[in-house]
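The values are calculated or read from the model by the stated rules, or taken from the named source; none is laboratory data. All of these numbers come straight from a predicted model, not from anything done at the bench. In this analysis, Cβ positions are derived from the backbone assuming ideal geometry, glycine residues included, and neighbour counts consider all displayed protein chains. SASA here: full protein model, heavy atoms, side chains in, ligands and nucleic acids out. Shrake-Rupley method; radii C 1.70, N 1.55, O 1.52, S 1.80 Å.
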Number of protein chains: 2
Amino acid sequence: MGRNGLTLAEMKRTLDKYGTGAGGTRNIAGHNRHAIRLESELATLHKHQAALVFSSCFVANDAVLSLLGQKLKDLVIFSDELNHASMIQGIRNSRAKKHVFKHNDLAHLESLLASYPKNTPKLIAFESVYSMCGSIAPIEKICDLADKYGALTFLDEVHAVGMYGPHGAGVAEHLDFASHLKAGINQPENSQTIMNRIDMITGTLGKAYGTVGGYVTGKASLIDWIRSYAPGFIFTTTLPPAVMAGSTSAIRYQRSTLQDRILQQKNTRYVKNNLNSLGIPVIPNPSHIVPVLVGNAADAKSASDLLLEKHNIYVQAINFPTVPIGQERLRITPTPGHGPELSNQLISALDSVFKELDLQRIDQWAAEGGLCGVGDPEAVPIEHIWTDAQLALKDADLHPNVVDPVIEPIGVSSGVAV
Amino acid sequence: MGRNGLTLAEMKRTLDKYGTGAGGTRNIAGHNRHAIRLESELATLHKHQAALVFSSCFVANDAVLSLLGQKLKDLVIFSDELNHASMIQGIRNSRAKKHVFKHNDLAHLESLLASYPKNTPKLIAFESVYSMCGSIAPIEKICDLADKYGALTFLDEVHAVGMYGPHGAGVAEHLDFASHLKAGINQPENSQTIMNRIDMITGTLGKAYGTVGGYVTGKASLIDWIRSYAPGFIFTTTLPPAVMAGSTSAIRYQRSTLQDRILQQKNTRYVKNNLNSLGIPVIPNPSHIVPVLVGNAADAKSASDLLLEKHNIYVQAINFPTVPIGQERLRITPTPGHGPELSNQLISALDSVFKELDLQRIDQWAAEGGLCGVGDPEAVPIEHIWTDAQLALKDADLHPNVVDPVIEPIGVSSGVAV
């Protein structure tokens, strides 16, 4: 039985036992064993001391960033220019002073950080996988800058949790793959991991984990502080017990197997390689995102419509303001379920649509000097973040202390009567 | 089978057919028949043209109010001093000019409205039932002021939907009870209803409807505008299909029966009357909220602890800053399931706790001149908003066009293929 089957069974079991909803806020009647278990599971996943669950990661980002900016006196926030709308909203609502640094540009970030005294409170807010171009942040080097200039780090792993790392904790875990693989659910010995260097990690339960909700993890004192002050956490109904129990089940399952993550990456490579050999322009990146460059809004919309109407394939066109004008694209995200057979349908459909609409292929972009790394003669080849060696791993290579996907009886794990 | 049984069955059926989560935002892959059906059901409930579902009503209030204040040039917002934290946050984040009027104080509201020219855009933001004191807004008179001074109206019915009105649409529906009872799901003929005079109604799916989520209803053009611009709607994962289908089922069931609403009111009267005859001070109000005045934080906490530890009854103490210092209270909300037997346990437990902690009874408050309407010699008797005649109604008195609670096959109602 796959992840979805386990999660589904857990949700139905919880519905039967605990009903349709939580019935209140976390502070008034809505606190329960499902919330405790889920937060405990999330803290374990990221090897942080504590976690706090919100209605969504939009709410988590908005609530946490606006709280930090409002309460930390003189805080200056440094925000990647491609950060998600939820982070932008949180930073805006914090009314803290902010600087937007060029996407993944360490030199620009450093120049901004260096313009403040070291004792000025600072926060660097960024993502691991950026969803519209598939780029990945230089997390370790950002941590180095944070250390050098005395900044807190806030990392959104929404497009990475469940999909990167030996246990699905995201890119920060992936960057210390061997150590975390060996350590299982424990902290690796005698090593300061990148995941541990990050002060706050936010993530979603609505993408790889397949339910809904968001969270933040960090030091226990910080999480308690957020719990005590964030209106977006305090004054809202708790997620239904079934949603929280299903999420716990999905996280636990993904921690106990590498196979979905490996399959997703293999499927991604298959699609990228085959599109490239047909000259269909994929914006190069190291992640599971496959952005197909179209270059104008009308064609991107037509391509999306044709794919749906003629080929029965739903791919969303991404236009301005989500991407700059002239960089319009189709965004494809292969899942573990999109194996070669389905991918071949997609690839030939895209080829047909590119012919029908006479869209630019790689050589044409190259003739124009390249765009977004497509047909760019100076572009450095980008390596997949999942290495060939990692893709060859088996579940038997996981540390035995990783939790078995069999779901334990509700109420056993937390030890807290609610 | 009761509401919960129907909702539960619908959620499990939807889980089996559509899986654990929506898998995306409303604009990217997360739009589906469950969202369409739920929004159609909500628009029908409030007899507004359209509805939009959010992750929660916290998000709905925050997103809608902040958008209005940001986009409507020169908007001035008039906000009741007891408004919920979500509305306060939305208004704050809108950065619009705002005035806080004294709770339910029409004269104060009018004096503030009158201080602006009629052509200055205005918005009055208020609730129907205020959760901490159980008071109900003078909705009709606020609409009159809105007409007189050219203001939009934004009404939060979070503590009223499912619990007031012949179909559970809230207090605005309740105020035209006979007309809506007769009209069923249609607009009453030849009458402008209070519900229709309100520009925006927000509500929750997490209290009376027993799941999670929030919404706003209003004119179709307004809802489209919010759908197009509110980041809190656009950039977040859709609620799981099972949650939306369960919500639709719960709303539909509550529209088809009066019995839960009537039982809740009868149970409330029973508790209030019996506490009053024991001299236990209930802050007078016309709603289902039973605020028991304690008068200081330490005693309120002790009373809550004693109720739980000694009597196995969970009642939350409400302290500063939620209520002013000196007005600390216990807040009780009887449900349709809290019949005389359970209520008697609560009443005798409260009597015992009041003895044990030597808490002030009504006569002692009266000797001090009264507080919050308790023991106040000048207090006007407050009538329940549910009249005796309304409490005597049977489901056969509902208009036959009210939807039958039997759940129709998914996909039939909306007529929209997704």
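Things to note:
- Across the alpha-carbon atoms of the protein assembly as shown, the computed radius of gyration and Dmax are 28.0, 92 angstrom.
- Within the shell of other residues whose beta carbon sits under 11 angstrom from the beta carbon of A:HIS108, the net charge comes to -3, with Lys and Arg scored +1 and Asp and Glu -1.
- Taking the 1.4 Å solvent-accessible surface of the protein assembly as shown as the whole, the part contributed by carbon and sulfur is 53%.
- Distance from region B:304-333 to region A:1-65 (C-alpha centre basis), Å: 26
- Counting heavy atoms of the protein chains alone, B:SER179 has an accessible area of about 50 Å² for a 1.4 Å probe.
- Buried accessible surface for the B/A chain pair comes to about 3600 Å², total over both chains, computed with a 1.4 Å probe.
- Beta bridges by DSSP in region B:26-155, antiparallel share as percent, to the nearest 5: 5
- Across the identical copies, how the B:ALA114 labels are spaced - nm, sorted shortest first, 7 Å along Cα→Cβ: 6.3
- Sorted from nearest, the other copies put their B:LYS71 label points 3.2 nm away, the label point being 7 Å from Cα in the direction of Cβ.
- The Cβ shell under 12 Å around A:LYS17 holds other residues with a net charge of +1, Lys and Arg each +1, Asp and Glu each -1.
- In this structure, the pairs whose alpha-carbon distance is over 26 Å, taken from A:LYS141/A:LYS182; B:LYS17/B:LYS182; B:LYS102/B:LYS266; B:LYS98/B:LYS219; A:LYS71/B:LYS97, are B:LYS17/B:LYS182; B:LYS102/B:LYS266.
- Considering only beta bridges that DSSP places wholly inside chain A, some 50 percent are antiparallel.
- Using C-alpha pairs below 8 Å separated by at least 6 residues, the relative contact order for region A:232-375 is 27 percent.
- Dipole of chain B [Lys/Arg +1, Asp/Glu -1 at C-beta], most positive-end residue of B:ALA151, B:ALA107, B:LEU307: B:ALA151
- Solvent-accessible heavy-atom area per residue, rounded to whole Å², over chain A at 1.4 Å: 39
- The antiparallel fraction among DSSP beta bridges confined to the protein assembly as shown stands at about 50%.
- Relative to the Cα centre, the charge distribution of chain A, modelled as +1 at Lys and Arg Cβ and -1 at Asp and Glu Cβ, gives a dipole magnitude of about 1300 debye.
- Counting only heavy atoms of the protein chains and using a 1.4 Å probe, A:VAL282 has close to 10 Å² of accessible surface.
- Rg to Rh, two decimals, where chain A supplies the alpha carbon set and Rh follows Kirkwood: 0.97
- Residue-wise HN-Hα couplings along region B:244-255, as the Karplus relation 6.51 cos²θ - 1.76 cosθ + 1.60 with θ = phi - 60° gives them from phi, are 5, 5, x, 5, 4, 4, 5, 5, 5, 5, 5, 6 Hz; Gly and Pro carry x.
- Separation between Cα centres of region B:186-224 and region B:348-407, rounded to whole Å: 26
- Once each of the GluC sites (Glu not before Pro) sitting in a DSSP loop with at most 14 other beta-carbon atoms within 10 Å is removed, chain A keeps A:190-367 as its longest stretch.
- Average beta carbon contacts from partner chains per residue of B:11-22, 10 Å cutoff: 6
- For chain B, averaging the sequence separation of C-alpha pairs within contact (under 8 Å, six or more residues apart) and dividing by the residue count gives a relative contact order of 20 percent.
- Region B:1-137, relative contact order in percent, only Cα pairs under 8 angstrom and at least six apart counted: 18
- Placing +1 on the Cβ of every Lys and Arg and -1 on the Cβ of every Asp and Glu, with no other charges, gives region A:259-386 a dipole of roughly 360 debye about its Cα centre.
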